[in-house]
Amino acid sequence: MEIADTHAHLCDPAFDPDLDQVLDRAKTAGVATIVAVGENMEDAEKNLTLAARHPMIRAAAGLYPTHLNMELAGKMREFIRSNRNRLAAIGEVGLDYWIIREEPDLEIQREIFRSFIDLSLELNLPLNVHSRSAGRHTVAMLLEGRARRVQMHAFDGKASAAIPAVEAGFFFSIPPSIVRSEQKQKLVKRLPLRSLLIETDSPVLGPTARDRNEPANAVLAVKAIAELKGVDENEVIEAVKGNFRRLYSAEP
């Protein structure tokens with residue numbers, strides 16, 4: 001298939017015992033590239049190490065939006081600047097209104113996110129964006145900040161909230177949990193193929209809620225999209241491959 005898993009947490013300790021086997025299963029399933037995202041500095045450094053060791057991994061670095069620490073955000077920005085040529089994306093970054101709910105904390109979260117939007121423009125790196133329970137707000141901030149290269153990861157909002165992002169040329173990555181998520185199914189029905197990517201968010205968001213997810217399951221998202229769109233799987237594969245190239249400027 002030669003598809004890309006555009007959002008996976010390979011740095012998660014859940015993969016420490018058998019990462020080589022996990023990657024072998026992904027290759028066998030048709031996954032050619034994995035964008036390894038992170039949530040903190042430790043993840044970022046580990047992702048660079050993994051990418052140096054495994055050619056199919058492309059490293060990303062970001063600060064998860066529940067980290068409300070301006071100093072830490074500044075250190076992450078400097079890390080990303082210093083490693084610009086070794087990183088495929090800034091991520092994951094964004095907003096989370098599910099965990100963070102108090103307005104003073106939300107403003108810190110928004111300020112940190114703005115700084116990463118600016119950094120994306122400065123370095124011409126894609127943003128790999130988290131927006132849990134904050135879809136409309138996240139899209140609005142991205143549009144306000146004139147973000148250009150954007151992937152909305154596992155978007156949990158209404159399809160109507162996604163349309164302005166689609167019109168701006170942003171992409172939406174779909175995880176294997178689409179097989180059990182009515183919300184994801186509605187989103188895929190509404191959005192055009194030209195706006196879709198594949199992700200797994202491993203080790204979570206798999207086809208079964210409590211089982212460890214892994215990149216090989218990316219193919220389940222492809223199959224689900226094809227069924228929902230009423231098209232051949234090859235059409236989905238070619239579309240998401242082209243979308244990946246457009247956003248990440250690389251062959252999957």
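Taken together, the values in this text are just the output of simple stated rules run on the coordinates, not laboratory data. Because the structure is a prediction, the values reported are computed rather than measured. Note that we place each Cβ from the backbone using ideal geometry, even for glycine, and neighbour counts take in every protein chain shown.
Span-like helix criteria (full DSSP H runs; alpha carbon extent of at least 20 Å along the helix axis; mean Kyte-Doolittle hydropathy of at least -0.5) are satisfied in the chain by 103-123.
Remark on the chain: ratio of C-alpha radius of gyration to 2.2 N^0.38 Å is 0.92. In the chain, a dipole from Cβ-located charges (positive for Lys and Arg, negative for Asp and Glu) runs towards its positive end, and of 164, 85, 14 it is 164 whose Cα lies farthest in that direction. The trypsin sites (Lys or Arg not before Pro) found in the range 99-191 that occupy coil by DSSP, while having at most 10 further C-beta atoms within 10 Å, are 101, 146.
What would the Debye equation give as log₁₀ I(q)/I(0) for the range 149-205 at q = 0.26 Å⁻¹, counting only Cα atoms as equal point scatterers? Ignoring solvent entirely, the Cα scatterers give -1.09.
How much length is gained if the chain between residue 122 and residue 234 is pulled fully straight, taking 0.36 nm per residue apart and subtracting their Cα-Cα distance, in nm to one decimal?
36.7 nm
Within the P(r) computed for the range 1-90, what percentage of the Cα pairs occupies the region above 18 Å? Each step should come with its number before you reach the end.
Numbers: 1681 of 4005 pairs.
That tail contains 42 percent of the Cα-Cα pairs.
The overall shape of the range 52-195, judged from the alpha-carbon gyration tensor, is oblate: a/c is not under 1.5, and a/b is no greater than b/c. For the listed peptides 13-19, 58-64, a ranking on the average number of other beta carbons within 10 Å per residue, highest first, reads 58-64, 13-19.
Binning the alpha carbon pair distances of the range 203-252 at 5 angstrom intervals from zero yields the distribution 5, 20, 20, 20, 21, 11, 3, expressed in whole percent. Computed about its Cα centre, the charge dipole of the chain is approximately 740 debye, with only Lys, Arg, Asp and Glu carrying charge at their Cβ. Straight-line cross-link partners of residue 229 among the lysines, defined as a Cα under 30 Å from its Cα and at least 8 positions apart when in the same chain: 27, 158, 184, 186, 189, 241.
For the chain, the residue among 55, 151, 231 whose Cα projects farthest onto the positive side of the dipole built from Cβ charges is 231.
Scoring 38-46, 2-10 by mean Cβ neighbours within 10 Å over their residues and listing the highest first yields 2-10, 38-46.
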